[in-house]
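Quick notes on the structure that follows.
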Amino acid sequence: MGNYDEAEHERREQKTQVDGDFAEERSEYRGRVTYDTGDSTEDLLDQFKSIKGD
């Protein structure tokens, strides 16, 4: 496996440390999301059928 010295061990240990000093509260988002393509349901169904190959 090669040489594995204490410096390598310390380097890897520092690399894998996790910072636990963050706020534990979850962010709360409020609002509304809407998406309108402007296409009618029939247009969308026709497009779906053409993609499927029917």
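Kindly indicate whether any position in segment 15-34 is of a type in the set (Ser, Thr, Tyr) and at pLDDT 85 or above.
Residues of segment 15-34 that are of a type in the set (Ser, Thr, Tyr), as a first pass: 16, 27, 29, 34.
Within this subset, residues satisfying the condition of being at pLDDT 85 or above are none.
No; the residues of segment 15-34 include none that is of a type in the set (Ser, Thr, Tyr) and at pLDDT 85 or above.
I'd like the full set of residues that are modelled with pLDDT under 80 and surrounded by 10 or more Cβ atoms within 10 Å (Cβ to Cβ), limited to segment 40-54. Walk me through it before giving the result.
Start the filter on segment 40-54 by keeping residues that are modelled with pLDDT under 80, which leaves 54.
Passing the criteria: none in range.
The values are calculated or read from the model by the stated rules, or taken from the named source; none is laboratory data. Just so it is clear, the structure is predicted and the values come from calculations on it, not from any experiment. Neighbour counts are summed over all protein chains in view; Cβ atoms, including those assigned to glycine, are modelled from backbone coordinates with ideal geometry.
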